[in-house]
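In what follows, a single structure is set out as structure tokens and then discussed.
The values are calculated or read from the model by the stated rules, or taken from the named source; none is laboratory data. All values reported here derive from a predicted model rather than from experimental measurement. No Cβ is skipped: glycine too gets one built from the backbone with ideal geometry, and neighbour counts run over all protein chains shown. Ligands, DNA and RNA are stripped out before the accessible areas are found, and what is left, the full protein with its side chains, is counted by its heavy atoms. Shrake-Rupley method; radii C 1.70, N 1.55, O 1.52, S 1.80 Å.
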Amino acid sequence: MAQRHFVKYTFLAVAPEWRRLPAAERARQKAEVVAACEDFAERHFLRTYSLVGTRGDCDLMIRTAAPTLEPIHEFHVVLNQCALLGYARIAYSYLSATKPSPYADRPQPLAPREGQDGRYLVVYPMWKKREWYRLPAEERMRIMREHIEVGRRFTGIDTNTTYSFGLDDQEFVVAFDCDDPLEFLDLVETLRATESSSYTRSETPIFTCIRCSVSRALDALDGERAVAAVEELARERR
Amino acid sequence: MAQRHFVKYTFLAVAPEWRRLPAAERARQKAEVVAACEDFAERHFLRTYSLVGTRGDCDLMIRTAAPTLEPIHEFHVVLNQCALLGYARIAYSYLSATKPSPYADRPQPLAPREGQDGRYLVVYPMWKKREWYRLPAEERMRIMREHIEVGRRFTGIDTNTTYSFGLDDQEFVVAFDCDDPLEFLDLVETLRATESSSYTRSETPIFTCIRCSVSRALDALDGERAVAAVEELARERR
Amino acid sequence: MAQRHFVKYTFLAVAPEWRRLPAAERARQKAEVVAACEDFAERHFLRTYSLVGTRGDCDLMIRTAAPTLEPIHEFHVVLNQCALLGYARIAYSYLSATKPSPYADRPQPLAPREGQDGRYLVVYPMWKKREWYRLPAEERMRIMREHIEVGRRFTGIDTNTTYSFGLDDQEFVVAFDCDDPLEFLDLVETLRATESSSYTRSETPIFTCIRCSVSRALDALDGERAVAAVEELARERR
Amino acid sequence: MAQRHFVKYTFLAVAPEWRRLPAAERARQKAEVVAACEDFAERHFLRTYSLVGTRGDCDLMIRTAAPTLEPIHEFHVVLNQCALLGYARIAYSYLSATKPSPYADRPQPLAPREGQDGRYLVVYPMWKKREWYRLPAEERMRIMREHIEVGRRFTGIDTNTTYSFGLDDQEFVVAFDCDDPLEFLDLVETLRATESSSYTRSETPIFTCIRCSVSRALDALDGERAVAAVEELARERR
Amino acid sequence: MAQRHFVKYTFLAVAPEWRRLPAAERARQKAEVVAACEDFAERHFLRTYSLVGTRGDCDLMIRTAAPTLEPIHEFHVVLNQCALLGYARIAYSYLSATKPSPYADRPQPLAPREGQDGRYLVVYPMWKKREWYRLPAEERMRIMREHIEVGRRFTGIDTNTTYSFGLDDQEFVVAFDCDDPLEFLDLVETLRATESSSYTRSETPIFTCIRCSVSRALDALDGERAVAAVEELARERR
């Protein structure tokens, strides 16, 4: 069986005063973070996302995965070495791990997959009501199958659910890769009518994360090189 | 069919220490934000509002809309280039999209309309109870029709509901254009007695936003040029 | 019929570092706020209160009223011109309006009354449960009459209820003028046993506000001239 | 009948940067607060407590009482004159008043008593469920008698309940003098099984306060003179 | 019978600006905290943990235990002497005490045990629903026995439950030593289906704490010596 992985979602918010630093200093600080991310990505899974324009309480998300907790701890120690962390704080943090799903009808991958990335990743922590866990297994299977059926009608969306029981506050971290956020909106609204939805205790905050390279996500913090980046983005999207 | 739009509500709060900067520096910073807004407004929908005197936790709201998420992301990147963002934070942020309403008896516009603006825009995020979504469609239609009937008795109020399922924390962002906030107060109190009201889970915070040009909304932050602005306002209101 | 009024409650909290400024600078900043308040009070209703010693999260409350929203907006723009607002933030803010009560047996004034002030004003935002609004009108009348009956037994207390539906988060802002806070405490405890009390969803935070002139309320922020003020207070109370 | 008293609990938290000031400046600032407390204590009830090591969100508690609100207001104005208040904020604040208990079988004192102090004071704000207040008086009496009976089995604990209805957010402030916190822990756990416990709506935060002189409570903020203080403490405890 | 102990969990978060200090100054500040911890550990139980990479809202946890409250108070006074506390705040704080469990089938130790440490300690505050405490003793015993049975199937996990009734906000502090967080995740998910789980009112926040020496936990704050530390860690884990 494939090895389970720890998956960590780290949401950074830069302090407004960071934007008052000289541009060269900001560029230097960004380069340090790029180097830290590239170093980790050589041996492990790492993705970066911008939240500029989609949220107001965080700016940048780094998603890391590894088969043990140590590399994730070490990566965050290295982040603490970066001068940017003298001006940024972790606004949200979700620790989780992969686990075979009891509801899937085929084996799910336990390690993050290459080539599965969408233009957007929607992420949220989730808690189910305690009543859910006391239902008989067949009952839960029946309810989840209906939920999965609805999801399959929306073909552009790929689910990555990880588990946080006993590791962090939430029970699950749910993450969806998609290219069209409107399709995802329609899926979530459709799911409201399913039976499984009535067993949800909480599923906020919801983060619409824009997939981009770590340097572009960092450039979005102060708009430096943003014009160039925007042109590049436009080219890619064509 | 008309194209759906993303609609973003960005509420800014300036730090008290911003008011300690020299007046010329504040004027320069405001001019940058005016330029950023005017640039976006050339190609897309943009409206600005002041919350000075109506709320204590935010000062200024920028409402943007575009058929894709990219221009909204790029606009907020450009905002991050403005020196004012070294002293301001996003106090509230609501991302949403337009969608045809299943309850309206005529097609609703999916893009923001020119010429519809009121003197005030009341905005709030909304969540319905999960029970609502499990009611049969006809039942929901019956309940919403009663709700809409009550609304029609208050002729000075124009509704702009957008959808946030899976994009952001709330399910809906409800926004009302009106010229008389007292008429709106009376409408909301009257709606409390309708059946639809009992399916509301949350509809706060509620923002009474004063429609004004971006420069006037910025001037309200430090009262510079406020005397002139107040005279101009008085002239317009006559 | 008398004209309805907007009523605004603005609670200010000064940052601790304000107290580190030179005394002359603090005195100058206080004089600016006094001037702003006096200017508004020439044409409109304005009252000031100190919360020093009764709350820990705000220091000063300014209560303003006007028949339209514009003067209240403009007053807060002028406040933003004051240097003190470079060191103070609005800790709580409640926007509301007067409205004829359906439960009163005689017409209630729709504008703030002169000569009604007590030594203390107790203020709190209130929400009722949704069930309340779905009761038949006669039922609500019966329950409110019992509530009003209990209130009348406490003769030293004057009620000023305003409405916030659709203007701000809360449904009502309730404000009581009284000279003896212990009588008010006894009233509130007595009301807990009434039927109306079981329809209350929330009625906190509760602010015990000490009525005083704007200059005395400002002097309480740093204790400058406090000895003199305390003597003056003692003289008045005799 | 004895005169009722207002009782105020003021919890201070010093900003971390206060600890960066020169030691002489800190000593001078502490002396000012000692003087303010001693001055008030000449005419009124005042006790001080340290929360260093028992809480993380506040450092020092000052408990004052007086037959009217004015001296308590004035004391906090004088506190605002102290330079320490340029670096400290009021983290929690509870205003309350004494009142004869309807459940006690002998008259309770309405003024704070000398000589009743324990080594520790456990304080918390309390709210009961609204259902409680609608029970018949005999029913409430029966339930409270059981509660009081359990309390009497724990002889080292002295209760000081005050009332906050309409004065502050909470309904009651409950305060227990005791010498052994473990006995108090056992009492609270035992009370969980009583009927009265099921009518509690909220009783947090809970503050375990260490009774000490104002100068020792201030010394605990930066550990200056702490070694001497610790020796003194050890001597007293023998 | 063994003596009961007070157990204190202190979670520190360093301010981002601490990382802007010169490296030598940071090293000096860390040395002070190491000395304070070593001094306390000579006479009492003390363990340190890093939360870098597992949480975003705190960085370092210090767990202390002593038979009375005084040494714990004094230790935190000494911490306040450390220059680091001019840049760090206590993000979370849990005070508790040991107590014989009524459900265990053999006596539980009342003092922290040497040699029991796992690589990780998972800690969380817990509240049970009030209904739990009103169940008959045999009923509670039956439910807890089932809970304990499930726990025993996961052999790598050691439980340390302490009691906070009347000492602090929570009722219990639950702490689990383990070497494999994935085994703990599986245990917690399995426990969701037990009857005892339905009596839980709250059990968040959940802290996954990485056991390490105080100097390594401090080094993780700014990544200084982190490379060396990481190598050392890797060596130990082999």
Meets criteria (free of Cβ contacts under 8 Å to residues at least 12 places away in the same chain and out of contact with any Ser or Thr (no Cβ under 6 Å at 6 or more places or on another chain)) for E:R134:
yes
C:L110 passes all but one of the listed conditions (1) assigned to a helix (DSSP H, G or I); (2) under 25 Å from C:Q3 (Cβ atoms); the exception is number (1)
Any idea how many residues of the stretch D:217-238 are within 10 Å of another protein chain (Cβ to nearest Cβ) and at pLDDT 95 or above?
4
Of the residues E:E114, E:E149, which single one is farther than 21 Å from E:F207 by Cβ and modelled with pLDDT of 90 or more?
E:E149
For the subset of the stretch E:73-88 comprising residues that are free of Cβ contacts under 8 Å to residues at least 40 places away in the same chain and either over 19 Å from the mean Cα position of the chain (by Cα) or more than 14 Å from chain D (Cβ to nearest Cβ) (or both), which member is farthest from D:R20 (Cα to Cα)?
E:E74
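Quick grid of which residues meet (1) surrounded by fewer than 20 Cβ atoms within 10 Å (Cβ to Cβ); (2) of a type outside the set (D, E); (3) closer than 24 Å to D:C212 by Cα:
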residue	(1), (2), (3)
D:C58	no, yes, yes
D:L79	no, yes, yes
D:L84	no, yes, yes
D:R119	yes, yes, yes
D:V123	no, yes, yes
D:M126	yes, yes, no
D:R130	yes, yes, no
D:T161	yes, yes, yes
Does B:L21 satisfy being among the hydrophobic types (A, V, I, L, M, F, W, C), within 14 Å of chain C (Cβ to nearest Cβ) and out of contact with any Asp or Glu (no Cβ under 6 Å at 6 or more places or on another chain)?
yes
Exactly one of B:A27, B:A13, B:A91 is under 17 Å from B:L218 (Cβ atoms), in a strand (DSSP E or B), open to solvent by 20 Å² or more (accessible area, probe 1.4 Å) and touching a residue at least 12 places away in the same chain (Cβ under 8 Å), and that one is B:A91
Quick one: count up the residues across the stretch C:142-159 that are open to solvent by less than 60 Å² (accessible area, probe 1.4 Å) and either of a type in the set (K, R) or more than 25 Å from the chain's Cα centre (by Cα) (or both).
1
Exactly one of (1) touching a His at 6+ places or on another chain (Cβ under 9 Å); (2) away from chain C (no Cβ under 12 Å); (3) not basic (K, R) is unmet by B:E70. Its number?
(1)
State all residues of the stretch B:174-211 that are more than 25 Å from C:Y199 (Cα to Cα), acidic (D, E) and touching an Asp or Glu at 6+ places or on another chain (Cβ under 8 Å); if no residue qualifies, say none.
B:D177
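Taking the stated definitions as given, is C:V34 more than 11 Å from chain B (Cβ to nearest Cβ), among the β-branched types (V, I, T), under 23 Å from D:D168 (Cβ atoms) and in contact with a Ser or Thr (Cβ under 6 Å, 6 or more places away or on another chain)?
When the stated conditions are applied, C:V34 does not pass them.
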Quick one: would you say E:R142 is within 13 Å of another protein chain (Cβ to nearest Cβ) and without any contact (Cβ under 8 Å) to a residue 12 or more places away in the chain?
no
Specify which of the listed residues (D:E189, D:E183) is open to solvent by 30 Å² or more (accessible area, probe 1.4 Å) and under 14 Å from E:Y133 (Cα atoms).
D:E189
Kindly indicate whether B:E138 is in contact with a helix residue (DSSP H, G or I) (Cβ under 7 Å, 6 or more places away or on another chain), part of a helix (DSSP H, G or I) and not β-branched (V, I, T).
no
Quick check on the stretch A:109-138: of everything there that is within 20 Å of the chain's Cα centre (by Cα) and closer than 23 Å to A:Y199 by Cα, which residue is nearest to the other protein chains (Cβ to nearest Cβ)?
A:V122
Among the residues of the stretch B:60-72, the number that are over 11 Å from B:V7 (Cα atoms) and open to solvent by less than 20 Å² (accessible area, probe 1.4 Å) is 2
Scan the stretch C:169-213 for residues that are more than 7 Å from every other protein chain (Cβ to nearest Cβ), among the charged types (D, E, K, R) and part of a loop (DSSP other than H, G, I, E, B) and jot them down.
C:E171, C:D179, C:D180, C:E195, C:E203
Within the stretch D:35-48, residues open to solvent by less than 30 Å² (accessible area, probe 1.4 Å) and not in a strand (DSSP E or B) come out as D:A36, D:C37, D:F40
What is the residue count in the stretch C:136-165 for residues that are among the hydrophobic types (A, V, I, L, M, F, W, C) and closer than 26 Å to B:P181 by Cα?
2
